[in-house]
Structures are given as structure tokens and as C-alpha cells.
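The structure appears below as C-alpha cells.
Nothing in this text is a laboratory measurement; each read-out follows from the coordinates by a stated rule. Because the structure is a prediction, the values reported are computed rather than measured. Please note: Cβ atoms are built from the backbone with ideal geometry, for glycine as well, and neighbour counts cover all protein chains shown.
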Amino acid sequence: MGEQMTALKFEDQELPDLDEYASLAEKFIPGRQAIFAIVEASLLELVPKGPANILVAGAGGGEEILRLGSNNPDWSFVGFDTHPPMVELARRRLVETPVGARARVEAVTIEELEDRDFDAATCVLTAHFVPDDGAKLAFFKAMHLRLKPGAPLAIVDGVGVAGDPETELLRRIWMRHAVLKGVAEETAARNADNFKKVAVVSAEREEELLKGAGFERLTPIFRGLAIKGWLAFA
């Protein structure tokens, strides 16, 4: 746990106007569209045909539910997020779409969520806000507990080691990528600096924690700078 970065809660960041959050995230996060496409393709391959109930961690904003639900009318969603303004944004966006009738987003922690027996789960750019002081392992265990045996978790997370030259290089490239996408340099620098404060761990440590929570058959599905994604099976 010595390699963890300083814990920074999502809401402690300098956030843009929430209604602009999705469009700005598209500029900040390398391969964001590819991440959602790969997660959707993974679930299409792994989730049985017909009705399926999907758990979405960090569902505030509603972006993930909208993307996964729009083309998959048999899927229903339960999302949770600990930041109430983001939950309200998700509800506001979802209610205006057909997906909204198949989705519920709650302002709770995973431990407070009563639902069980999900057919699959997603955790996209969320777990790296959970510190590796026992809380991250508990978070993964709680996710595992709510999945059916053998059900897939698609997890995409920031990874890195504080002060490591490779991690710092990727952080600087992250900033330049945002500038190339049209973000002001000062804004991009602040966003990249947040990476120093978020509780990311190395990819190896992330895999260790997932296995410790009971997940098996970890399969890499994405890598973009300091972001890595896996499939893990309950």
C-alpha cells in the first residue's frame, strides 16, 4: 500500500459546470469513446441473451447508462454514486430518454445498496477515488457480493505509482492530449495535476486487490496512457 497516491474524492476536484461535464470529459480522457464501446461489446459477448440487470458503479451523470442502454433494450440498470449533484444530473438526463424507464440511480455507497444478483457490472474511472487503506478492497468485495456467480465486471481505472518516472511522463502526455483536444493549457494542467492526488495504484496492485476480493480470470481489455481496463469474473 506504500505505492498508493493521495486520496482525492471525486467531489473534491475543481469540477466544471455539471451540464458540461460529459463533453469536457470526452476531451480530457484518452479513448473515452473507445472505453464505452469496448465495455458494451464485452457485455454483449458475455451477458446471456434476453433481460439482464446491470450494476453501474459511479453512475453519476448517467453517461454510462445512456450509452449501454440505448442500443440494448433488454438491459436494465441500477447505478450508484456518492456525489448527490452528479446523481441528480444522471436522473435529469435519463428521464428524458427511453432508457430512463429501465434505470435507477441512487446516491448511496456500494455497501448501502440492497440489490443483489446482477448479471454484470461496470466500474469505469471510479475505483481510483477509493483509497488503498482497506477501503478499495472492501469496495471490490462489495461489488463481487452483488454479482451472480461467474458474472463479469468491466473495470477501467487510472493506474500508476506516485513519483515513478513513467507515471509522471504519462501524466504530462495526458495534459498535452487535452490541449490538443481544445482544452485551455491551464485547465489541462489542473486536471493532470489531479492525477497526483487520486488514490490510483499500480496495475499489479489493482489486479491483486481484485483477486483478493474474489474475482477471477482477469483479462485486459483497454490501455490508454495511465488508464487500464480489465474484465474480471465473480
Please report, in debye to the nearest 20, how large the charge dipole of region 49-108 is about its Cα centre when each Lys and Arg carries +1 at its beta carbon and each Asp and Glu carries -1 there.
160 debye
In the chain, with Lys and Arg counted as +1 and Asp and Glu as -1 at Cβ, which of these residues, Gly60, Gly50, Gly150, has the Cα nearest the positive end of the dipole, that is, farthest along it?
Gly50
Quick one: Cα centre-to-centre distance for region 151-169 and region 117-134, in angstrom?
13 Å
Work out how much length Ala101 to Lys197 would gain on full extension: take 0.36 nm times their residue separation and subtract the Cα-Cα distance, in nm to one decimal.
30.8 nm
Calculated FRET value between Ala135 and Ala34, using beta carbons and R₀ = 35 Å, to 0.05
0.75
Close lysine pairs (region 113-234; alpha-carbon distance under 22 Å; 8 or more apart or on separate chains) counted at 13
Taking the Cα centre of region 100-234 as origin and charging only Cβ (+1 Lys, Arg; -1 Asp, Glu), how large is the dipole, in debye to the nearest 20?
380 debye
Between rounded, prolate and oblate, where does region 83-182 land on the alpha carbon gyration tensor, with a ≥ b ≥ c its root eigenvalues, rounded for a/c under 1.5, else prolate if a/b exceeds b/c?
oblate
Roughly what would the spin-label model give for Leu46 and Ala184, points 7 Å off Cα along C-beta, in nm?
4.1 nm
Percent relative contact order of the chain, based on C-alpha pairs within less than 8 angstrom and at least six residues apart?
25 percent
Dipole of the chain, Cα-centred, from +1 at each Lys and Arg C-beta and -1 at each Asp and Glu C-beta, to the nearest 20 debye?
480 debye
I need the shape label for region 125-187. Rule: rounded when a/c is under 1.5, else prolate if a/b > b/c, else oblate, with a, b, c from the alpha carbon gyration tensor.
prolate
Karplus-derived 3J(HN,Hα) from phi for region 138-147 (6.51 cos²θ - 1.76 cosθ + 1.60, θ = phi - 60°), whole Hz, x at Gly and Pro, runs 4, 4, 5, 5, 5, 5, 4, 4, 8, 9
Taking only C-alpha pairs under 8 Å that are 6+ residues apart, what is the relative contact order of region 98-168 in percent?
39 percent
For region 94-109, take each phi angle, set θ = phi - 60°, evaluate the Karplus expression 6.51 cos²θ - 1.76 cosθ + 1.60, and give the result in whole Hz per residue in order, putting x for glycine and proline.
6, 5, 8, 10, x, 5, x, 6, 10, 9, 9, 10, 10, 8, 9, 8
Before anything else, pin down the relative contact order of region 26-162: Cα pairs under 8 Å, at least 6 apart, normalised by residue count, whole percent.
25 percent
Take every Cα-Cα pair in the chain and report what % of them are more than 28 Å apart.
26 percent
Over the chain, with a Gaussian network built from C-alpha contacts below 10 Å, which listed residue (Ala37, Ala138, Ala120) shows the highest mean-square fluctuation?
Ala37
Cleavage-rule hits (GluC sites (Glu not before Pro)) in region 72-162: DSSP loop, at most 14 neighbouring Cβ within 10 angstrom
Glu96, Glu114
